[in-house]
Amino acid sequence: MSDNAVYPVSSEWANNAIIDAATYDEKYRRSIEDPEGFWREEAQRLDWIKPFTQVKGTSFDQQDFGIRWFWDGTLNLSANCLDRHLETHGNTPAIIWEPDDPTSRNRILTYNDLHEQVCRFANVLKANGVTKGERVTIYLPMIPEAAVAMLACARIGAAHSIVFAGFSPEALGGRIDDCASTIVITADEGLRGGKRIPLKANVDEALEHHARDVSRVIVVQHTGADIPMDESRDVWWHEAIAAGSHICEPEEINAEDPLFILYTSGSTGKPKGVLHTTGGYGVWCSMTHEYTFDYRPHADGSNQIYWCAADIGWVTGHSYVVYGPLANGGTSLMFEGVPNYPDFSRFWHIIDKYQVEIFYAAPTALRALMREGDDYVTRTSRKSLKVLGSVGEPINPEAWEWYYNVVGEKRCPIVDTWWQTETGGHMITPLPGATALKPGSASRPMFGVQPALVDPEKGTLLEGATEGALVILDSWPGQMRSIFGDHERFFQTYFSTYPGMYFTGDGCRRDEDGYYWITGRIDDVINVSGHRMGTAEVESALVLHPKVAEAAVVGMPHDVKGQGIYAYVTTVAGTDDSDELRRELVQWVRKEIGPIATPDVVQFAPGLPKTRSGKIMRRILRKIAENDVGNLGDTSTLADPGVVDDLLANRPHA
Ligand code: WTA
């Protein structure tokens, strides 16, 4: 392996793919030079109820700021994901569900089945008073009901807000309150690696302290656990769905009506509700899913089996487990469990069991599996695989090579897809038939995407091979439209740092071939196992503890998770800074936010490095956490430079 390894497109791929290199160049040029024409055509991939005449109405400038696409058209995304496939594909599997326990029964829902379930559940929502424009909170494990609930919301024009089932009652309650939903959909329990997750109990707890407006909780009976039901508030999914009709006409939805809200972490404040609308997002998911994965039926009309291993609680699950593949009439595999249960071969066994052709996962899972040795992989066949995908964080070249050589046996292109909750879908990614691969590079922009690098301080555009802050110069249909309830914050967060441009929060290098290499977040967001975590959120959780006076949190390199969480904690005077308290604080953060926010290191710090004006110098804290202490930079502006010596002396991992 060398630093500048390049894997050219094989002739087989070049000759057979939907997009080859010449088509990529041609389409990309057109998408930038003639966006109106390009998107007018590309949007025909969806069925519109009232065809749009307007295509692009967007400005990133403060005076006429606004983003809208196809805004005089109407459509229904659930109908695009279901109804339109019934005539030709009614009996084709839409969702293949593989349970946590491989000896449990799997479930296969054809398009007919899924359509019926969605119609029934849409009627349940209506019967419970949910109307167009409302928000519905979904707190479900990876079971088909999650997709049913999403599509049922889309069918009646209610926006779903999915909260990842690993979040704590606190975090769930905050998100329910923020979007003011009056209805929550959950399950008795979730199952992951044989462990039970008490989802209904978490909802009960969330509703005790927050979200007092919730009048209805719909509960999927999943594990059959004995759980208390509040008769005035809680109903069983299976009873509700059996009582209603299976006929539900899709509502006519404006292209710019909300489809969903998804909370994500930023560099400051509470998680923000990223708002996506219907038309542009639908076009973006469908288009990127098709081109990035070269997704289309086999010559005999049967479907390729496609598996995105992300949870529906994250944007990847929204766009690439549900909306993209189903809009394209595809077969989407949904897996309830984890990569290491019952053993480290689980992913590869599933691939063999269903003859998966396209597999899409996060580098953190690959790194964890790579550590266990090749044997868990090589004892399986994986002959069905054609394309491998990576998402959520930078993939280090070592993991890339392992994925390519061991998992894909040098046969499968890797699409390293860079994008964000905010972007709706893929933004920078190789296409299997068009892009020579460089391990660790997300490579080239998707159609319609104009990435650029700016000098982080001056904000000036940088040309050629260089490194800087990654910005996007113009709108694309899948772009988020607002932060729920705070449009001003939307503008401030993304468009004020570098006026006239969308700021991604990522740093990036561009090489001499015009390939983009994402280097990671340059704001106060850390990426733990591909999950975004705001340092401010973890700090807020820590200072809620009665013994904590102050906390500062930074990322640290972590072999498997990519980044880990390093917390510096100043306790209140007189506290015994014991190992026991350290453990208690770790548990505290898990309870406040959820296991994904578990600090890897807690360092007690009698003082934090602050400037004379009281600002914490995170740069120094990051260096110490990275164990890069030879080069702490200028500490002379610190109010008390002695603090640094103390931090260095008391590093827990030193
Ligand atoms: C990071 C997940 C490098 C990046 C889809 C981004 C990546 C953040 C990649 C968004 C990739 C995502 N290479 N970094 N292929 N994909 N990221 O909102 O820092 O959960 O800003 O969306 O993940 O995380 P989010």
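The values are calculated or read from the model by the stated rules, or taken from the named source; none is laboratory data. Please read all numbers here as calculations on a predicted model, not as lab measurements. We place every Cβ from the backbone using ideal geometry, glycine too, and count neighbours over all the protein chains shown. Side chains are part of the model used for accessible areas, which takes the heavy atoms of the whole protein and leaves out ligands, DNA and RNA. Shrake-Rupley method; radii C 1.70, N 1.55, O 1.52, S 1.80 Å.
Checking the Cα-Cα distances for Lys383/Lys410; Lys272/Lys561; Lys27/Lys458 against a 21 Å cut-off, the pairs over it are Lys272/Lys561; Lys27/Lys458. Surface composition of the stretch 499-605: carbon and sulfur atoms hold 51% of the protein heavy-atom accessible area at a 1.4 Å probe.
Comparing Ala361, Ala243, Tyr291 along the charge dipole axis of the chain, the residue lying farthest to the positive side is Ala243, per the Cβ-charge model.
Between Ser482 and Leu275, the built amide H atoms are under 5 Å apart, and every one of these is 5 or more places off in sequence or on another chain. Give me the net charge of Asn80's neighbourhood, meaning all other residues with Cβ under 12 Å from the Cβ of Asn80; Lys, Arg count +1, Asp, Glu -1. Value of the local net charge: +1. For Lys458, the accessible area of its heavy atoms, probed at 1.4 Å with every protein chain present, is near 150 square angstrom. Compared with the direct C-alpha span, the chain from Ser613 to Glu208 gains 141.7 nm at full extension, assuming 0.36 nm per residue. Here is the list for the stretch 100-185: trypsin sites (Lys or Arg not before Pro) lying in DSSP coil, each with at most 10 other C-beta atoms within 10 angstrom of its C-beta, are Arg105.
Looking at the stretch 173-272, the GluC sites (Glu not before Pro) that sit in a DSSP loop and have at most 10 other Cβ atoms within 10 Å of their own Cβ are Glu231.
Of all aspartates and glutamates in the structure, the ones whose alpha carbon falls short of 13 Å from that of Lys353, not counting any fewer than 8 places away in one chain, are Glu98.
Since only Met533, Gly266, Thr611 are under comparison, the one whose Cα sits farthest along the positive direction of the charge dipole of the chain, derived from C-beta charges on Lys, Arg, Asp and Glu, is Met533. Accessible surface comparison of Val415, Val406, Val572, probe 1.4 Å, protein chains only, largest first: the order is Val572, Val406, Val415.
Please state the relative contact order of the chain as a whole percent: Cα pairs under 8 Å, 6+ residues apart?
13 percent.
Residue-wise HN-Hα couplings along the stretch 253-266, as the Karplus relation 6.51 cos²θ - 1.76 cosθ + 1.60 with θ = phi - 60° gives them from phi, are 10, 5, 3, 9, 6, x, 9, 7, 10, 9, 6, 9, 7, x Hz; Gly and Pro carry x. Remark: the stretch 119-251 carries 37 Å² of accessible area per residue (probe radius 1.4 Å; ligands, DNA and RNA excluded).
Using C-alpha pairs under 8 Å with a sequence gap of at least 6, the mean separation divided by the residue count of the stretch 529-650 gives a relative contact order of 23 percent.
Derived scalar couplings between HN and Hα for the stretch 460-470 equal 7, 5, 10, 9, x, 6, 6, 10, x, 7, 7 Hz in order, rounded to whole Hz, by the Karplus curve 6.51 cos²θ - 1.76 cosθ + 1.60 (θ = phi - 60°), x for Gly and Pro.
Using heavy atoms of the protein chains and a probe of 1.4 Å, the accessible area assigned to Asp375 is about 90 Å². Can you tell me which aspartates and glutamates have their Cα less than 19 Å from the Cα of Lys50? Leave out same-chain residues fewer than eight positions away. Within the straight-line cut-off, Lys50 pairs with Glu36, Glu41, Glu42, Asp72, Asp83, Glu249, Glu251, Glu252, Glu256, Asp257. Shown in residue order for the stretch 118-135 are the 3J(HN,Hα) couplings computed by the Karplus curve 6.51 cos²θ - 1.76 cosθ + 1.60 at θ = phi - 60°: 5, 4, 4, 6, 4, 5, 4, 4, 4, 4, 8, x, 6, 10, 3, x, 7, 10 Hz (x for Gly and Pro). Once all protein chains are placed together, Ile19 keeps about 10 Å² accessible to a 1.4 angstrom probe. With no solvent and one equal point scatterer placed on each C-alpha of the stretch 529-650, evaluate the Debye formula and give log10 I(q)/I(0) for q = 0.10, 0.14, 0.15, 0.16 Å⁻¹, two decimals. Debye intensities relative to I(0), on a log10 scale: -0.29, -0.58, -0.66, -0.76. By the Cβ rule of 4.7 Å, the chain holds the following cysteines without a possible disulfide partner: Cys81, Cys153, Cys179, Cys285, Cys308, Cys412, Cys508.
Mind checking the full-extension length gain between Asn340 and Glu457? Use 0.36 nm per residue of separation minus the Cα-Cα distance, one decimal, nm.
37.7 nm
Net length available on complete extension from Ser267 to Glu41 is 77.6 nm, with 0.36 nm assigned per residue and the Cα-Cα distance removed. Each Lys and Arg Cβ is given +1 and each Asp and Glu Cβ -1; about its Cα centre, the stretch 119-251 then shows a dipole of about 400 debye. Annotation: per residue accessible area for the stretch 490-646 equals 42 Å², rounded to a whole number [probe 1.4 Å, protein chains only].
How high is the relative contact order of the stretch 405-472, given as a whole-number percent (alpha carbon pairs under 8 Å, six or more residues apart)?
21 percent
Projecting the Cα positions of Ala201, Leu191, Leu647 onto the charge dipole of the chain (unit charges on Cβ atoms of Lys, Arg, Asp and Glu, taken about the Cα centre) puts Leu191 furthest along the positive direction. Each other residue within a Cβ distance under 11 Å of Phe359 adds +1 if Lys or Arg and -1 if Asp or Glu, for a net charge of +1. Under the shape rule built on the C-alpha gyration tensor, where the axes satisfy a ≥ b ≥ c, the chain is rounded, since a/c falls short of 1.5.
Think of a 1.4 Å ball rolled over the protein heavy atoms: the stretch 303-375 then has 23 Å² of accessible area per residue.
Rounded to the nearest 20 debye, the dipole magnitude of the chain is 160 debye, with +1 charges on Lys and Arg beta carbons, -1 on Asp and Glu beta carbons, and the Cα centre as origin. Taking amide H as placed 1.01 Å from N in the peptide plane, Val220 has its amide H under 5 Å from the amide H of Thr186, Ala187, Asp188, Trp237, each at least 5 places away in sequence or on another chain.
Magnitude of the charge dipole for the stretch 1-66, about its Cα centre and with charges confined to Cβ atoms of Lys, Arg (+1) and Asp, Glu (-1), is about 260 debye.
For a straight C-alpha distance cut-off of 23 angstrom, the lysines reachable from Lys200 (same-chain residues fewer than eight places away being disregarded) are Lys126, Lys591. Proximity of backbone amide H atoms, modeled 1.01 Å from N, is registered between Tyr341 and Arg346 at under 5 Å, excluding neighbours fewer than 5 places apart on the same chain.
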